[in-house]
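Every read-out reported here was derived from the displayed coordinates using simple, explicitly stated rules and does not represent laboratory data. Predicted, not measured: the structure shown is a model, and the values here were computed from it. Methodologically, a virtual Cβ is constructed for each residue, glycine included, from the backbone with ideal geometry; neighbour enumeration extends over all protein chains shown.
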Amino acid sequence: MKKIFLSMAAVGLLFTACNDDSKEVSQEQQIDMSDFYVYTDSGEDLSSKSINSKESLKTCYSMEVLNRQLNENPGLEKKMFDIEYKTRQFIAAKGGSTAKGKPGGGSGGGEADVDVSPINDGLGTINIPVYVHIVLPNANDVTNTQVQNQINVLNDDFNSTNANLLPSGATNFVNDATITDIHFTLAGTFRYNNSASSWGTNDSVKAAYPPITPETHLNIWVCNIGGGILGYAQFPGGNSATDGVVLLHSSLPGGSAAPYNLGRTATHEVGHYLNLRHIWGDGRCRQDDFVEDTPSSDGPNYGCPSYPTVNCSSTDMTMNYMDYTDDACMYMFTDGQRNRLRPIFATGGPRAAMAGN
Ligand SMILES: [Zn+2]
């Protein structure tokens, strides 16, 4: 694994050396990719976490799906490295910080609070049209109202117009909630009656009902995944034939998957689809989510944690959408996450066509 990372780093250096513009060269030389990783731990060590059987339902399968896709597609790791490199290069060019995101490593109380400003990336408001494919024995079980409410939740969550639920005393994070200026519009709902009782996580639902113009549209499949899994997404860079997000049907607003039925499984999975990692970095304290203003943690949090919840010597941002807490107890992306996800829409970015670039 280390060998691969080193060779990837060499590719970055070569790219730098070939650039004629001395100004850009100096900028590119500052892009530190030493923390880049793609493969993740297959299982979380939850021994130190307080969870009950109900809470253990909260499972996103995006990282396992990514591991599988990396094995199936040898070119994907390089593609994701390039996307990460360009993302950091874009942020740096716009005056943002690409420092590795491990704040809060101080005295154990999480006092360290990194404040990142939203960069002016020149990309403006980004509108994403959404196709929803409902695949169930009775596809009418998910109503048009639920689908529209799900779109509304995405818009509220990505633009901080939701009802925030700041835990008492969580002053560290009170100024970190961001407005991503990414908006979602329902472009079409398709219903397919299919007697399959579950679809698993091997993209079979996408093979049966392929995405429609995934270059310009977010495709969401709503079905029974099975295995207690709430959803999975494909990161930027993956195969367009499987691009999009799969959601457990009962996770949509008003569904039966309480406490995960307020529509925030979609918010979390669309976060992955837009290049966000889990807030704990999927690798204990040693790995990060590539975001500066999200504290390190050693694994997901569940339920509705009290504040402060301290792991890896810093206070966890348990209310971040990229954690695993109850839908009612998560309410924010950070400015750092905003800065990280928007560059994928820039010219040359993996979702540029979606923004008309
Ligand atoms: Zn996830």
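Starting from the amide H of Phe190, placed 1.01 Å from N in the peptide plane, find each other amide H under 5 Å away whose residue is 5 or more places distant or on another chain.
Val132, His133, Ile134
What relative contact order, as a whole-number percentage, does the stretch 220-357 give when Cα pairs under 8 Å and 6 or more residues apart are counted?
Contact order relative to length: 18 percent.
Tell me which residues come under 5 Å, amide H to amide H, from Ile128 once H is placed; ignore anything under 5 positions away on its chain.
For Ile128, whose amide H was placed from the backbone, the distant partners under 5 Å are His183, Phe184, Thr185.
Apply the Karplus curve 6.51 cos²θ - 1.76 cosθ + 1.60, θ = phi - 60°, to the phi angles in the stretch 236-245 and return the couplings in whole Hz, x for Gly and Pro.
For the stretch 236-245, the Karplus curve yields x, x, x, 4, 5, 5, 10, 6, x, 10 Hz.
Taking 0.36 nm per residue of separation and subtracting the Cα-Cα distance, what length does fully extending Lys79 through Ala353 add?
96.9 nm
With label points built 7 Å along Cα→Cβ from the Cα atoms of His183 and Asn127, find their separation and express it in nm.
With each label placed 7 Å out from Cα toward Cβ, I get 0.7 nm.
Can you tell me the dipole magnitude for the stretch 294-344 around its Cα centre, using point charges on the Cβ only (Lys, Arg +1; Asp, Glu -1), in Debye to the nearest 20?
280 debye
For Asn175 and Asp115 in the same chain, what is the full-extension length gain: residue separation times 0.36 nm, less their Cα-Cα distance, in nm?
Extra length from Asn175 to Asp115 when fully extended: 20.8 nm.
Report the percentage of all Cα-Cα pairs in the stretch 112-243 whose separation exceeds 27 Å, rounded to a whole percent.
33 percent
Stretched out fully, how many nm does the piece from Lys94 to Arg284 gain, at 0.36 nm a residue minus the Cα gap?
Working it through step by step, the gained length comes to 65.3 nm.
How many nm is it between the label spots at Thr145 and Arg68, if each spot is 7 Å from the Cα in line with the beta carbon?
Once both label points are built, they end up 3.5 nm from each other.
Which whole-number percent is the relative contact order of the stretch 137-224 (Cα, under 8 Å, 6+ apart)?
Relative contact order, the stretch 137-224: 34 percent.
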